[in-house]
Amino acid sequence: MSLHKSNTQPNSVNITNRNYNSIYITTGFILLLTAITVMSGVGFMLVTLLAAFVHELGHMACVYLCGGGIRGLRLGAAGAELSVEGHFTYIQDALIALSGPSAGAILSAGALCAGELTGTGWLYGLGAVSLVYTLFNLIPVGSLDGGRALYALVCNRWGPDIAARTCLICDILFSAVFVGLGLYVLIASRGNATALICSFFVIKGCCKKE
């Protein structure tokens, strides 16, 4: 989502659409799906898509409940990005940010319970993937859901200046932690770059402030 602070209402944010409508699929997204499929198989790729789809449905439902609208969806190498229009209070924007992880948490709990009851392997996988996706998006940095919620909540209580400084501290701290963890895992495992790749997405989220 593209976020812009309103100049007329200090306790709110104005969200406007970006330069795309409907569904826009980038080459990076296709390459990402291909990489996931090659490394983990078609089943894992489909489960990941389902978890991401439910996550975005949570955002969209909350946007509509808050009186906004959806212009489109961009699918890129860094994940999905909604094109949203509307005028929301900081509290509403925090709720919109957290609605995706909330939907993911519900999906995870439901899939894990269903997998336990039926013994179906792919349901366990769906629950696990959705849980990891949810926790990752709750990291309080940059344009990730956790970072957007943190900024909106601090803005609502103490204003944009303190919110910007708070988020900058979180960006630096979490980026350093994830890069350090990624390098440690890479060295300790002698080649496993998964954690280091995750740190790239954290840093990308920090840099992508709108």
Out of Ala188, Ala152, Ala164, sole residue that is under 28 Å from Ala109 (Cβ atoms), among the small types (Gly, Ala, Ser) and more than 15 Å from the chain's Cα centre (by Cα): Ala152
Note on the stretch 71-92: residues crowded, with 20+ Cβ neighbours inside 10 Å and at pLDDT 90 or above are Phe88, Tyr90, Gln92
Per the filter on the stretch 58-82, residues part of a strand (DSSP E or B), within 19 Å of Ala103 (Cα to Cα), of a type outside the set (A, V, I, L, M, F, W, C) and under 18 Å from the mean Cα position of the chain (by Cα) are Gly79, Glu81
Would you confirm whether or not the stretch 117-140 contains a residue that is in a loop (DSSP other than H, G, I, E, B), farther than 25 Å from Ile30 by Cα and more than 15 Å from the chain's Cα centre (by Cα)? yes
Anything in the stretch 152-174 that is in contact (Cβ under 8 Å) with a residue 60 or more places away in the chain and either touching a Pro at 6+ places or on another chain (Cβ under 7 Å) or surrounded by 21 or more Cβ atoms within 10 Å (Cβ to Cβ) (or both)? List them, or say none. Ala152, Cys155
Residues to consider are Ser102, Ser108; find the one that is buried (at least 20 other Cβ atoms within 10 Å of the Cβ), part of a helix (DSSP H, G or I) and at pLDDT 95 or above. Ser108
Looking only at residues that are among the aromatic types (Phe, Trp, Tyr) and at pLDDT 85 or above in the stretch 1-54, which one is surrounded by the fewest Cβ atoms within 10 Å (Cβ to Cβ)? Phe53
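The values are calculated or read from the model by the stated rules, or taken from the named source; none is laboratory data. Owing to the predicted nature of the structure, the values given are computational and were not obtained by experimental measurement. FYI the Cβ positions are ideal-geometry reconstructions off the backbone, even for glycines, and counts take in every protein chain you see.
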